[in-house]
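The values are calculated or read from the model by the stated rules, or taken from the named source; none is laboratory data. Computed from a predicted structure; not experimentally measured. Every residue, glycine as well, gets a Cβ built from its backbone with ideal geometry; the counts of neighbours run over all protein chains shown.
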Amino acid sequence: MTGLTVYGAQYSGSTAVEAALTLIGQPYTLIEGATWAEADARERVAAANPMRQIPTLVSPDGAVMTESAAILIHLADAHREAQLAPPIGDPRRAQFLRWMLYVSSAIYALHWIKPDVRRIGAEPAQRERVHDAVHDRIAFCWQQMDAQLAPAGPYLLGEALTVLDLYVTVVSRFGPWRPRFYAVAPRLAPIVRRVDAEPRLAAFWDARFPFEADER
């Protein structure tokens with residue numbers, strides 16, 4: 001795969017995809033734009049993704065991939081040499097797929113509500129209450145993952161860093177933010193801190209998702 005294009009933005013879910021490409025060593029063209037906040041960014045991505053959402057990945061032949069979990073699984077499977085996912089047949093594969101889809105559907109998807117609470121039939125005046133409810137649900141879901149996953153090594157699936165680690169590391173930085181994540185997911189906390197400190201990603205994190213002083 002060469003000549004990839006990523007529609008993404010700082011501080012967004014696209015950084016997990018960009019981090020995977022960095023570990024793989026795959027060059028890509030980045031088209032920057034926070035689609036949840038910028039109308040012109042939504043229009044830029046619309047030609048590739050009519051949903052006007054990021055991340056969106058476009059291959060040199062024009063094939064489009066959307067949905068962060070699907071992109072991450074695809075990249076890991078397409079670049080077996082990077083060892084970013086258990087291969088088919090590996091006993092860890094089922095749990096890898098389970099938790100990738102769990103983070104996507106049970107946690108990341110809830111953030112779609114926050115830019116416009118009218119999407120779930122709430123009034124704009126209810127925005128703060130809806131946001132609090134969304135964050136409570138996300139915290140509950142992280143707590144459930146923490147209780148059930150039981151990491152058996154330095155990373156979520158054992159000895160090797162995978163795209164699941166990248167995904168959790170990025171999504172855990174969205175609301176209700178890392179301090180609450182650390183509180184509700186104490187077994188996952190040291191793993192995301194380890195990914196935060198991954199030397200191969202040091203320059204990348206500084207550029208694409210720098211930490212505030214109180215986040216670590």
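Where in segment 117-216 are the helices (runs of 4 or more DSSP H), entirely inside, with at least 2 residues that are outside the structural domain of residue 21 (by TED's automatic domain parsing) and aromatic (Phe, Trp, Tyr)?
On the way: elements: 127-149, 163-171, 177-184, 189-196, 202-208.
Answer list for segment 117-216: 127-149, 177-184, 202-208.
Just for segment 151-163: of the residues that are touching a residue at least 24 places away in the same chain (Cβ under 8 Å) and out of contact with any strand residue (DSSP E or B) (no Cβ under 8 Å at 6 or more places or on another chain), which one is nearest to residue 14 (Cα to Cα)? If we take residues in segment 151-163 being touching a residue at least 24 places away in the same chain (Cβ under 8 Å) and out of contact with any strand residue (DSSP E or B) (no Cβ under 8 Å at 6 or more places or on another chain), then 163 is nearest to residue 14 (Cα to Cα). Of the candidates 137, 173, the single residue that is of a type in the set (Lys, Arg) and within 25 Å of residue 32 (Cα to Cα) is 173. Scanning segment 42-57 for residues that are surrounded by fewer than 20 Cβ atoms within 10 Å (Cβ to Cβ) and either charged (D, E, K, R) or in a helix (DSSP H, G or I) (or both) yields 42, 43, 44, 46, 52. The single residue among 173, 180 that is crowded, with 16+ Cβ neighbours inside 10 Å, within 17 Å of residue 196 (Cβ to Cβ), within 17 Å of the chain's Cα centre (by Cα) and among the basic types (Lys, Arg) turns out to be 173. Residues in segment 6-25 that are out of contact with any Ser or Thr (no Cβ under 7 Å at 6 or more places or on another chain), of a type outside the set (A, V, I, L, M, F, W, C) and either within 13 Å of residue 72 (Cβ to Cβ) or crowded, with 18+ Cβ neighbours inside 10 Å (or both): 12, 14, 15, 18, 22.
Entry remark, segment 106-123: residues being touching a residue at least 24 places away in the same chain (Cβ under 8 Å) and more than 12 Å from residue 174 (Cβ to Cβ) number 2 in total. Per this entry, residue 29 is counted among residues that are touching a residue at least 12 places away in the same chain (Cβ under 8 Å) and surrounded by fewer than 15 Cβ atoms within 10 Å (Cβ to Cβ). Considering 131, 74, the condition of being surrounded by 17 or more Cβ atoms within 10 Å (Cβ to Cβ), within 20 Å of the chain's Cα centre (by Cα) and either among the charged types (D, E, K, R) or farther than 17 Å from residue 170 by Cα (or both) is satisfied by 74 alone.
Have a look at 148, 95, 143, 126 and point out the one that is polar (S, T, N, Q), over 19 Å from residue 177 (Cα atoms) and in contact (Cβ under 8 Å) with a residue 12 or more places away in the chain. Please lay out each step first, then the result.
Numbers: 148 fails: in contact (Cβ under 8 Å) with a residue 12 or more places away in the chain; 143 fails: over 19 Å from residue 177 (Cα atoms); 126 fails: in contact (Cβ under 8 Å) with a residue 12 or more places away in the chain.
From the options 148, 95, 143, 126, the qualifying one is 95.
Take the conditions outside the structural domain of residue 170 (by TED's automatic domain parsing), outside any loop (DSSP other than H, G, I, E, B) and of a type in the set (Asp, Glu) and apply them to residue 77. Does it pass? The answer is yes for residue 77. Of the candidates 76, 47, 85, the single residue that is touching a residue at least 40 places away in the same chain (Cβ under 8 Å) and either more than 12 Å from residue 163 (Cα to Cα) or in contact with an Asp or Glu (Cβ under 8 Å, 6 or more places away or on another chain) (or both) is 85.
Candidates in segment 144-170 are the residues that are surrounded by 19 or more Cβ atoms within 10 Å (Cβ to Cβ) and of a type in the set (S, T, N, Q); of these, the one that is farthest from the chain's Cα centre (by Cα) is 162.
Considering (1) of a type outside the set (Gly, Ala, Ser); (2) part of a loop (DSSP other than H, G, I, E, B); (3) closer than 20 Å to residue 187 by Cβ, the lone condition that residue 60 does not fulfil carries the number (3).
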